[in-house]
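First comes the structure, then the notes that go with it.
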Amino acid sequence: MVKIVLNKIYFSSLDSIGNAFNQNSFIRLENFLEEECYLQLARGLWALQGKKITRAAKCSFTELNCTDFLEEFNQEDVLKLFSKFTKKKPKIKDLKIRRFGKGDYTLIHDDEKKKDEIKFYFMISGRWDSKVGGSLTYNIDDSQPLVFPIAFNCLNVITEGKGMHPFIKYINHHAGKESFILIEGVIE
Amino acid sequence: MISSRFFDDETMKLMKEDFLNNKPFPHLIIEDFLSEKEAKILQKALVSEEFELKDSDLFTFNQTQDLHFSNNEKIKSFVEFLESNDFSILIKEITGIKVEPGALDLFGSCYEDTHYLLCHDDQLEDRKIAYILYLSEDFEEKDGGALALLSDKKGEPDKIVKRYFPKFNSLIFFEVSKKSWHQVEEVMGKKKRYAIGGWLR
């Protein structure tokens, strides 16, 4: 298991992060983990084998086995941060780890959310040009889309509610052999 | 606009058979649909239309306004042809599906490098037939941009069964159903994939 070490900047400003999240219902924390910790975590994830999931009218990506990584996000420092979003002792569930490369995407689901959920998305990548696609995008009823470009070592937390429809933008051929990993979960 | 060859009994019989028997769902491709001269005039008219980028989870491509509102005489003439009794009779003869003369949607599209349209079935309201007339230079495998038709398995798209690379002045049409799964594969390179297409109702 990798010992999770948050970037010192964030660790010392948990309250203001919580306030910013409560104000906007989302927050994006770049360079989230301390560098060596991130590199160690990334090495472990890149080495994972996975299963290609292709359902043409819904999605295309590689699903990685996440059993061993649940503990990473159940560590004290992460839970301390997450408690600022939930305002109570948090629990992480529905963890998914997916790798996206050329030709991969997810499409908007038809099923409507029954209640608000706080979701987190942690991005692991090299240098990623957003022009090739891959961005985590929310179509929001009666509003401009909310876009989270892929960036390495970047945590995004968002309250997903009714009228918000997330998808991963199709990754075009200019991505070449590049790919990124997205760790996704629900903070309850 | 329609060549007299389409009204030859033997040709009509072959087209009907092909339409019904083609897999993975009923469809037909007709090459050299218009005369070459007319096709080139129409191509020039389409390229001069204003296109707007359309971008969503499902697609990225450029599209014109509804071509019913075009001011271009050549486009108007083509719209009239598609709305004519002759065309709806041709469609009925080939497909067995009655479409209302004049009841159609049509737009111009232009796919450039990285543009695409992911898998879907086109089912909406009273759409009966989807059609597309290619007005770009011919595309090859390396250019991408193929119209891929997929089989259905338990209500979801399964495997690619047919792939058509855009060929100038070819018309493709298919019956819209819950099994008419299709996609436009990503265009790769400098060629622009122009077409006029839409649905008959």
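Tabulated data for the structure shown
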read-out: Computed over the stretch A:49-188, Kirkwood Rh from alpha-carbon pairs, angstrom; value: 15.8
read-out: FRET efficiency for B:Q123 and A:K93, using Cβ-Cβ distance with R0 set to 51 Å, rounded to 0.05; value: 0.90
read-out: Highest-fluctuation residue, A:P145, A:P166, A:P90 considered, GNM on chain A with Cα pairs under 10 Å; value: A:P145
read-out: B:K37-B:K153 pseudo-label distance in nm [points 7 Å out on the Cα-to-Cβ vector]; value: 5.1
read-out: More than 33 Å apart - percent of Cα-Cα pairs taken over the protein assembly as shown; value: 42
read-out: Inter-label distance for B:E17 and A:N139, nm, one decimal - labels placed 7 Å from Cα along Cα-to-Cβ; value: 4.3
read-out: The stretch B:150-190-the stretch B:50-119 distance, computed between alpha-carbon centres (Å); value: 16
read-out: Ascending count of other beta-carbon atoms within 10 Å, so fewest first, for A:K88, A:K96, B:K179; value: A:K88, A:K96, B:K179
read-out: Ranked B:V79, A:V186, criterion: other C-beta atoms within 10 Å, fewest first; value: A:V186, B:V79
read-out: Approximate spin-label separation A:F11-B:S84, in nm, with each point projected 7 Å along Cα-to-Cβ; value: 7.8
read-out: Residues A:T62, A:T86, sorted so that the one with the fewest Cβ neighbours within 10 Å comes first; value: A:T86, A:T62
read-out: Centre separation in Å (Cα based) which lies between the stretch A:88-106 and the stretch A:69-83; value: 15
read-out: Diffusion coefficient, µm² s⁻¹, Stokes-Einstein with Kirkwood Rh over alpha-carbon pairs of chain B at 4 °C and 1.567 mPa s; value: 76
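Coordinate-derived values only; no laboratory data. All of these numbers come straight from a predicted model, not from anything done at the bench. No Cβ is skipped: glycine too gets one built from the backbone with ideal geometry, and neighbour counts run over all protein chains shown.
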